[in-house]
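The values are calculated or read from the model by the stated rules, or taken from the named source; none is laboratory data. No experiment lies behind these values; they were computed from the predicted model shown. With ideal geometry, Cβ positions are generated from the backbone for all residues, glycine too; neighbour counts draw on all protein chains shown. Areas reflect the complete protein model, heavy atoms only, side chains present, ligands, DNA and RNA absent. Shrake-Rupley method; radii C 1.70, N 1.55, O 1.52, S 1.80 Å.
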Amino acid sequence: MSKFQAPKGVSEYFPPNSEQFEFIRDQLINSAKLAGYSLIELPVFEDTEVFTRGVGESTDVVCKEMYTFEDRGGRSLTLRPEGTAGVMRAVIEHNLDRGQLPVKLFYSGAFFRAERPQAGRYRQFYQVGIEAIGYNDPEIDVEVIAVADSAFKALGLKQYKLNITSLGDSKSRDSHRTELVKYISSLKLDEETTARAKLNPLRLFDDKREEIKQAMSKAPLLLDYLNNESKAHFEEVKKLLTELGIAYTINPRMVRGLDYYTGTTFEFDHALLGAQSGIGGGGRYDGLMNSLGGSDVSGIGFGLGVDRILMAALAEDCLPNDINQLKLFIAPITEKGKTAAFNLLSELRGNGITCDMAYGDRGLKGGMKAADKSGALYGLVIGDDEISSGKCELKLMSSGEVFSSTLTASDLIKRIGSSN
RNA sequence: GUGGGCGUAGCUCAGCUGGUAGAGCACCCGGUUGUGGUCCGGGAUGUCGCGGGUUCGAGCCCCGUCGUUCACCCCA
């Protein structure tokens with residue numbers, strides 16, 4: 001056993017799983033690119049205040065889950081626990097909102113939260129996220145949701161559900177909160193629950209205990225406190241979702257753990273994942289830019305959990321089994337064959353053919369076995385006969401069928417290229 | 001931060017009321033000196049997570065510790 005182990009609770013990916021991870025991540029990114037979002041690549045640590053002010057000091061994420069440290073210059077830095085606050089910092093710092101709006105950005109990378117690890121919950125995890133900044137049209141809300149939904153559909157996922165609600169504007173929230181606090185204070189709750197309610201009364205809506213669910217069943221719902229403007233916006237969002245054929249459930253009891261959310265808020269849940277079933281979520285954050293010192297422009301975005309989406313795809317068994325499949329594997333059986341194979345590979349790779357060969361002195365059987373294990377589409381043996389005749393037999397591994405070819409890259413490419 | 005389960009070969013795990021380790025898969029070689037997958041034969045692999053204790057003797061019992069896993073909490 002090795003002396004070193006990865007830090008507690010991090011997710012790691014290596015072959016063959018890493019290819020599935022990469023596939024999922026690239027599909028998510030692709031969906032964002034199709035909708036005109038551009039990459040923003042940011043530091044994984046930020047001034048701690050970006051998160052305390054952006055995400056909100058009362059949130060669990062900020063007050064007990066951040067990796068915060070002091071650098072040699074005495075600055076307080078924090079490994080990013082989420083993506084939105086950092087993106088807003090960069091947008092403000094580099095004046096990205098001064099040009100044409102909306103600004104549409106996507107990011108992909110690792111995030112860090114010091115939580116107790118669990119199925120689908122890691123201390124270092126991966127998200128792909130998008131942010132659309134500058135307008136609060138309901139169309140943008142729906143576009144953001146549709147980017148996530150179409151990514152899931154492209155992956156072949158089926159057993160997921162979209163929950164949406166609206167948190168309204170700050171006035172709507174204030175008047176609701178007053179009523180909610182009044183309602184909660186009439187309940188008999190244990191000390192811990194009371195403390196949670198004090199921090200964020202909405203929390204009690206997603207408590208898993210039956211007695212709390214019962215007690216909260218008659219609590220005032222924020223959706224009923226929306227002012228006309230918020231209500232109209234939400235109605236339009238629902239209408240557009242329906243027109244796009246995106247199924248949703250209105251869940252007025254949905255709670256998000258980050259303070260910056262306003263208006264349209266949503267979450268995707270997967271049915272096969274256990275306790276940590278959220279595969280993505282997001283919402284509008286109309287006051288965030290302003291609270292970080294920028295101009296008062298609105299925004300909406302989401303974060304998708306790559307680790308969890310991979311788990312969901314594995315659970316639904318919807319991943320293709322030929323991700324990054326080798327097109328050709330060469331088994332050289334003589335020294336000359338080895339050299340010829342090596343040169344041929346270089347030429348094939350130069351033409352975009354994914355290919356590999358057996359190294360070492362494996363002999364015919366070992367070479368073919370290696371070809372089999374590699375999962376390559378075609379196998380090719382090169383020995384002295386092939387070199388002297390200039391001819392070879394390309395073997396389709398799945399069926400055993402062989403095709404005659406000359407031992408030239410151009411001829412091999414013709415055959416391999418036509419196979420899919 | 002709280003609670004439960006589990007740490008034995010590369011992987012999945014078995015190992016009885018304590019008597020100093022085993023299977024399957026994977027891997028390597030051969031049967032078949034120019035064609036893989038099946039079959040048959042052979043082979044390599046372990047400080048039984050780590051530290052301490054009880055015992056003549058510990059993979060097994062006790063304590064601690066680390067890791068892992070599931071749930072609470074929280075969220076991606």
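Give, to the nearest whole percent, the P(r) tail of region A:90-230 beyond 18 angstrom, counting all Cα pairs.
Working: 7173 of 9870 pairs.
In whole percent, the share of Cα-Cα pairs in region A:90-230 beyond 18 Å is 73.
Under the rule of at least 5 residues apart or a separate chain, name every residue whose amide H is placed under 5 Å from the amide H of A:PHE45.
Answer set, sorted by chain and number: A:ARG80.
How many angstrom separate the Cα center of region A:352-398 from the Cα center of region A:244-258?
Answer, in whole Å: 53.
Expressed as a whole percentage, what fraction of the accessible surface of chain A belongs to carbon and sulfur atoms when a 1.4 Å probe is rolled over the protein heavy atoms?
Working: 10530 of 21330 Å².
C and S fraction of accessible area: 49 percent.
Do the sum for chain A: with -39,500 (n - 2.57) for every DSSP H run of n ≥ 4, divided by all residues, what is the mean residue ellipticity at 222 nm, to the nearest 500 deg cm²/dmol? Can you show the working numbers first?
Numbers: 15 runs with 165 residues, N = 420.
After summing the helix terms and dividing by residue count, I get -12000 deg cm²/dmol.
Please express the shape of chain A as an equivalent ellipsoid: the semi-axes are the square roots of 5 times the eigenvalues of the C-alpha gyration tensor, given largest first in whole angstrom.
Numbers: eigenvalues 542, 102, 94 Å².
One finds semi-axes of 52, 23, 22 Å for chain A.
Go through region A:1-53 and name the chymotrypsin sites (Phe, Trp or Tyr not before Pro) that are in a DSSP coil and have 16 or fewer other Cβ atoms within 10 Å of their Cβ.
Sparse-neighbourhood loop chymotrypsin sites (Phe, Trp or Tyr not before Pro): A:PHE4, A:TYR13.
Using only protein heavy atoms and a 1.4 Å probe, report how much of A:SER38 is accessible, in Å² to the nearest 10.
60
For region A:170-226, what does the accessible surface come to per residue with a 1.4 Å probe? Please give it in Å².
On the way: 3810 Å² over 57 residues.
Here the per-residue accessible area is 67 Å².
Could you give each residue of region A:401-410 its phi-based ³J(HN,Hα) in whole Hz, using Karplus coefficients 6.51, -1.76, 1.60 with θ = phi - 60°, and x for Gly or Pro?
5, 10, 10, 6, 7, 7, 8, 10, 4, 5
Apply the a/c threshold of 1.5 to the C-alpha gyration tensor of region A:328-417 and tell me whether it is rounded, prolate or oblate. Can you show the working numbers first?
Numbers: a/c = 1.25, a/b = 1.07, b/c = 1.18.
The shape class here is rounded.
Provide the per-residue ³J(HN,Hα) series for region A:365-371, in order, calculated from phi with Karplus coefficients 6.51, -1.76, 1.60 and θ = phi - 60°, each as a whole number of Hz, with x at glycine and proline positions.
4, x, x, 5, 5, 4, 4
What ranking of A:LYS336, A:LYS395, A:LYS161 comes out by heavy-atom accessible area, probe 1.4 Å, highest first?
Details: A:LYS336 135, A:LYS395 70, A:LYS161 105 Å².
Result of the area sort, largest leading: A:LYS336, A:LYS161, A:LYS395.
Ordered by residue, what ³J(HN,Hα) values in Hz, to whole numbers, does region A:312-320 give under the Karplus form 6.51 cos²θ - 1.76 cosθ + 1.60, where θ = phi - 60° and Gly and Pro are x?
Residue by residue, region A:312-320 yields 5, 5, 5, 5, 8, 6, 10, 8, x Hz.
Quick check for you: with a 1.4 Å probe and neighbouring chains kept, what is the accessible area per residue of region A:303-420, in Å²? Provide the component values of the computation, followed by the final result.
Details: 6100 Å² over 118 residues.
Per-residue accessible area for region A:303-420 comes out at 52 Å².
How long are the three semi-axes of the equivalent ellipsoid for region A:201-240, computed from the Cα gyration tensor as the root of 5 times each eigenvalue, in whole Å, largest first? Working shown, then result.
Values: eigenvalues 148, 24, 11 Å².
After diagonalising the Cα gyration tensor, the semi-axes are 27, 11, 8 Å.
On a 0 to 90° scale, report how tilted helix A:228-244 is relative to the longest principal axis of chain A, with both axes built from alpha carbons and the result rounded to the nearest 10.
Between helix and principal axis, roughly 30 degrees.
Pick from A:THR193, A:THR84, A:THR52: which residue has the top mean-square fluctuation in a GNM of chain A where Cα pairs under 10 Å get a spring?
A:THR193
Taking H placed 1.01 Å from N in the peptide plane, check which residues at least 5 places from A:ASN324 or on another chain put their amide H under 5 Å from its amide H.
none
Tell me the volume per residue, in Å³, of the convex hull enclosing the alpha carbons of region A:175-253.
Values: hull volume 8.1 nm³, N = 79.
Per residue, the Cα convex hull of region A:175-253 comes to 103 Å³.
Calculate the dipole size of region A:170-226 relative to its Cα centre from +1 charges on Lys and Arg beta carbons and -1 charges on Asp and Glu beta carbons; express the result in debye to the nearest 20.
160
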